[in-house]
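Input: a single structure, listed below in structure tokens.
The values are calculated or read from the model by the stated rules, or taken from the named source; none is laboratory data. Only a predicted model underlies this, so the values are computations on that prediction, with no experimental measurement involved. As a convention, Cβ positions derive from the backbone with ideal geometry for all residues, glycine included, and neighbour counts pool all protein chains shown. These area figures cover heavy atoms from the full protein model, side chains too; ligands, DNA and RNA do not enter into them. Shrake-Rupley method; radii C 1.70, N 1.55, O 1.52, S 1.80 Å.
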Amino acid sequence: MPSILFVCLANQIRSPIAAATFHAAWLAQPGLPACRVASAGTWTRSGLPLSQPALALAQAVGLDLRRFRTTSIVDVHLPAYDWIVVMEKGQLEALTIEHPHLRPRIHLLTALAGAYPSDIPDPTQVDPGTALSVLLDLQACVRQLAARLAAPHP
């Protein structure tokens with residue numbers, strides 16, 4: 001069974017939305033094997049609920065994450081994942097330095113999806129309209145990634 005871990009800073013907005021979007025996009029493609037999808041944050045504690053602003057942003061992009069709880073990356077067994085997908089180049093660099101043996105599995109979301117390799121900005125650092133636009137772009141990128149990973153390889 002393929003497995004993918006989405007990673008952001010706090011595991012509050014980007015990575016949970018990416019994981020939920022990927023899961024739905026993967027399931028929408030007939031004939032694929034089950035896929036384990038999870039998310040984690042590099043600077044968070046495990047078990048925290050999403051903040052109200054994060055819940056509102058998730059709802060604005062069509063997701064109900066009220067039952068979601070954060071996971072710290074220190075609580076994740078990274079070698080268990082085929083793909084470790086980060087939102088920012090700094091996260092890519094940090095994880096690669098900390099886990100050099102996993103380098104082939106660690107990817108920047110935009111690059112792995114086949115888009116221009118750029119960061120997915122933290123929605124908490126921009127105005128609400130821009131935050132929504134960022135998340136819609138993130139979802140489009142994640143759907144593209146699901147389609148790429150599902151495509152047969154020669």
Check: Which whole-angstrom value gives the distance between the alpha carbon centres of the range 81-146 and the range 4-61?
Finding: 12
Check: To the nearest 10 square angstrom, how much accessible area does ASP64 have with a 1.4 angstrom probe?
Finding: 100
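Counting pairs of alpha carbon atoms under 8 Å apart in space and at least six apart in sequence, what relative contact order in percent does the range 7-58 give?
It rounds to 53 percent for the range 7-58.
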Next item on the list: Report, in deg cm²/dmol and to the nearest 500, the calculated mean residue ellipticity at 222 nm for the chain, where each DSSP H run with n ≥ 4 adds -39500 (n - 2.57) and the sum is divided by the residue count.
Entry: -12000 deg cm²/dmol
Notebook entry, point to check: Given (i) 50, 33, 31; (ii) 43, 35, 30; (iii) 37, 36, 28, which label gives Cα extents along the principal axes in Å as computed from the coordinates?
Noted result: (ii)
Check: Considering only the other residues whose Cβ falls under 13 Å of the Cβ of MET1, what net charge follows from Lys and Arg at +1 and Asp and Glu at -1?
Finding: 0
Margin query: Tell me the net charge near PRO121. Cut-off is 14 Å between Cβ atoms, PRO121 excluded, with +1 for each Lys or Arg and -1 for each Asp or Glu.
Written below: -3
Next item on the list: Over the chain, calculate the relative contact order: mean separation of alpha carbon pairs under 8 Å at least 6 apart, over the residue count, as a percent.
Entry: 26
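Note down the relative contact order for the range 101-153 as a percent, whole number, built from C-alpha pairs under 8 angstrom at least six residues apart.
Result for the range 101-153 is 34 percent.
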Check: Among the DSSP beta bridges whose two residues both lie in the range 6-138, what percent are antiparallel, rounded to the nearest 5?
Finding: 10
